[in-house]
Amino acid sequence: MRLGIVGAGAVAGLHAQGASVLDGVELSAVCDLKEEVAAAVAQPWGAAVFTDYNAMLAAGVVDAVVINTPHSLHKDMVLAAAKHGVHVLVEKPMATTLADCLLMEKACASANVVMVVGMIQHFMAEKIATQAALATGQLGRVLMIHDYRSTDYRPGTRPDWFFDKAVSGGGAFINIGAHCLDRSLWLGGARAVRISATTLSRFGAPVETDGTMELLLANGVQLRVTIVSDTPRNIDEMLVVCERGTITVDPRQGTFMKIDGERTTLHTSSPDDIQTAFTAQLADFVAAVGGAEPGVSGEHAKHVVELVLAAYDSVSMGTAVDLSDSPMSSLQPTR
């Protein structure tokens, strides 16, 4: 597989490194509006450099692409890739509207190309260890999940497009919150049927910088997501409360379980965990192109977008949003 990357910022290097170790995968092209940024990712692997993704697709040098660009650009780039018969791994969030998600799916299905949404939390070792422990049944049913994440949405701390709602789709919720919703729905084991949310816009930012989301899942699990900007220490913690015990999850520390006073270490974090996750995610995508079911379904990815948008609706209306009658409510998340 000849792999291209569109958007050479953020995690592009992790995708490139993953491609370098997978059999049958070659990084053949990197595209970014800034030629020097694309070149920095491409050079170690001898990949071609482009500044126009349409030119890259038309050049016939890629069989598949990773789309790693501002959120609202995903739709047009996926449609262009499908037109050229190129498979797509598109970073989360899938898009900024459900209508765009559906257009992307339809275009890929019509062109007989595979589209997978990159939901990296499903490939992180500490989350995999958590899911494995829950699957044994020793903890009983999941009852409650608290997902607490810090970020930094002070203007000037990240590229300007993050603060332009027309490009990003929103602030901390659609960016950081999408990760939290993804992993919490997965570990909670069901779709959400109700969501309420509150936000803050501090530092003069035009998008939300902080917020909370409270959800009820279809199986009765209670879920609370808290996102806060500019905290004294970096925070990325999950607490999973079950009938017979609890699990704490932190990518900087690991995964720890406690049952009846006895603590067990399920995973100790390693500096290699993030790269290992990106390599595994790319391997999952390659397998999907080969005909396997992807580890994360498109329905799950769309539900995350649906929930982010419902959270914004909840904030604007000042009340909870009922999702039990959503056309997607009968579908279940995977992995």
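The values are calculated or read from the model by the stated rules, or taken from the named source; none is laboratory data. Computed from a predicted structure; not experimentally measured. Neighbour counts are summed over all protein chains in view; Cβ atoms, including those assigned to glycine, are modelled from backbone coordinates with ideal geometry. In case anyone asks, the SASA skips ligands and DNA or RNA and just uses the protein heavy atoms, side chains included. Shrake-Rupley method; radii C 1.70, N 1.55, O 1.52, S 1.80 Å.
Of the residues making up segment 23-55, those that are more than 12 Å from Ile5 (Cα to Cα) and of a type in the set (S, T, N, Q) are Gln43, Asn54.
Just checking, does segment 166-182 include any residue being among the aromatic types (Phe, Trp, Tyr) and either out of contact with any Gly (no Cβ under 7 Å at 6 or more places or on another chain) or surrounded by fewer than 20 Cβ atoms within 10 Å (Cβ to Cβ) (or both)?
Looking only at segment 166-182, we keep the residues that are among the aromatic types (Phe, Trp, Tyr), and these are 173.
From what is left, the residues that are either out of contact with any Gly (no Cβ under 7 Å at 6 or more places or on another chain) or surrounded by fewer than 20 Cβ atoms within 10 Å (Cβ to Cβ) (or both) are none.
Looking for residues that are among the aromatic types (Phe, Trp, Tyr) and either out of contact with any Gly (no Cβ under 7 Å at 6 or more places or on another chain) or surrounded by fewer than 20 Cβ atoms within 10 Å (Cβ to Cβ) (or both), one finds none in segment 166-182, hence no.
What strands (runs of 3 or more DSSP E), lying completely within segment 191-307, carry at least 2 residues that are within 30 Å of Gly156 (Cβ to Cβ) and at pLDDT 95 or above? I'd like the intermediate steps shown before the answer.
Working: elements: 192-200, 210-217, 222-229, 236-242, 246-250, 254-259, 262-268.
Output list reads 192-200, 210-217, 222-229, 236-242.
Kindly indicate the residue of segment 308-327 that is in a loop (DSSP other than H, G, I, E, B) and out of contact with any Lys or Arg (no Cβ under 9 Å at 6 or more places or on another chain) and also nearest to Thr199 (Cα to Cα) among those meeting that condition. Of everything passing the filter in segment 308-327, Gly318 is nearest to Thr199 (Cα to Cα).
Taking first residues from segment 316-330 that are at pLDDT 85 or above and partners that are surrounded by 10 or more Cβ atoms within 10 Å (Cβ to Cβ) and not in a strand (DSSP E or B), the Cβ contacts under 7 Å between residues at least 6 apart in sequence or on separate chains come to Ala320/Ser314; Val321/Ala310; Val321/Asp313; Val321/Ser314; Leu323/Ala310; Leu323/Ser329. Which members of segment 287-308 meet the condition of being more than 24 Å from Gly171 (Cα to Cα), open to solvent by less than 20 Å² (accessible area, probe 1.4 Å) and out of contact with any helix residue (DSSP H, G or I) (no Cβ under 7 Å at 6 or more places or on another chain)? Within segment 287-308, Ala288 is the sole residue that qualifies. The requirement of being in a helix (DSSP H, G or I), polar (S, T, N, Q) and modelled with pLDDT of 95 or more is fulfilled nowhere in segment 156-167; no residue meets it. Looking only at segment 211-269, count every residue that is open to solvent by less than 40 Å² (accessible area, probe 1.4 Å) and of a type in the set (S, T, N, Q) and tell me the total. Qualifying residue count for the region: 6.
Restricted to segment 8-69, the set of strands (runs of 3 or more DSSP E) holding at least 2 residues that are in contact (Cβ under 8 Å) with a residue 40 or more places away in the chain comprises 64-67.
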